[in-house]
Amino acid sequence: MPWLQPHEWTPPISQWKWDDLRGEYYLHSFAVEQPDLNWSNPYVREAMKENMRFWLDRGVDGFRVDAV
């Protein structure tokens, strides 16, 4: 049986999507194919820094990070 959404707030477009594989809801602010990152998790922040370092080392000039 699916869990209830984490809150009862119902915007015009739902921001919570049930994932059968994980057996839980996940948050998305835009498309369901773009789950939100948990920026309060230090591991998520570190993973993003590592990703940015990877691209900076290869000469990237900038980044576009939507909805952070």
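Computed from the coordinates by the stated procedures, all read-outs in this text should not be read as laboratory data. Note that the coordinates shown come from a computational prediction; the quantities given were computed from them, not determined experimentally. Glycine also receives a Cβ, built like all others from the backbone with ideal geometry; neighbour counts cover every protein chain displayed.
Values computed for the structure shown
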read-out	value
Candidates per trypsin sites (Lys or Arg not before Pro) in segment 18-68, loop by DSSP, up to 10 other Cβ within 10 Å	22, 58, 64
Nonlocal amide H pairs with residue 25, under 5 Å, H built at 1.01 Å	19
Residue 55-residue 34 FRET efficiency (beta carbon distance; Förster radius 30 Å; 0.05 resolution)	0.95
